[in-house]
């Protein structure tokens, strides 16, 4: 199972979240957090920072790991991954479009779950409400959740 990262920029004072519309590759056409795979020799934190810089031209400064989620795809186990999720509350730069992603801000009550991975509506509200979690999801290749489990962890 490969490791990957996700970073969500959050404006706490206005309850807004920055999501990126994936423009190519895995998850193309979906809104998601900003992130991706680790490069050789990189730590998870280094990968999260690099991916955020590459995908939306922002450097995270204040962030916290809020979730570790395992995703398995029985029909194609080569894409199984463990995703380390961060909430970022301070950053340098303004989110801007790249070849990879088109960022957009959404209020918490207008998060476009219908254009996101189906698991997001299970765990994203929990982390936005300050919970730290571990989760496991099994998905079909046509985006159906076959199994899920979420546990709150104490910090």
TODO: Quick one: count up the residues across segment 127-155 that are over 23 Å from residue 76 (Cα atoms) and in contact with a helix residue (DSSP H, G or I) (Cβ under 7 Å, 6 or more places away or on another chain).
DONE: 2
Open item on the list: Can you tell me how many residues within segment 36-51 are within 27 Å of residue 141 (Cα to Cα) and within 15 Å of the chain's Cα centre (by Cα)?
Closed with: 7
Task: Qualifying positions in segment 101-155 - in contact with a strand residue (DSSP E or B) (Cβ under 7 Å, 6 or more places away or on another chain), over 24 Å from residue 15 (Cβ atoms) and part of a loop (DSSP other than H, G, I, E, B) - done: 140
- [ ] Could you please find all residues in segment 18-35 being more than 14 Å from residue 8 (Cβ to Cβ), within 12 Å of the chain's Cα centre (by Cα) and assigned to a loop (DSSP other than H, G, I, E, B)?
- [x] 27, 30
TODO: Please find, among 42, 55, the residue that is modelled with pLDDT of 95 or more and assigned to a loop (DSSP other than H, G, I, E, B).
DONE: 42
Open item on the list: Cβ-Cβ distance below 7 Å, separation of 6 or more or different chains: which pairs start in segment 23-46 with a residue that is touching a residue at least 24 places away in the same chain (Cβ under 8 Å) and end on one that is assigned to a loop (DSSP other than H, G, I, E, B) and surrounded by 14 or more Cβ atoms within 10 Å (Cβ to Cβ)?
Closed with: 23/100; 24/100; 30/116; 30/117; 31/116; 32/116; 32/117; 44/38
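The values are calculated or read from the model by the stated rules, or taken from the named source; none is laboratory data. Keep in mind the model is a prediction, meaning the values are calculated, not measured. Cβ atoms come from the backbone with ideal geometry, glycine included; neighbour counts cover every protein chain shown.
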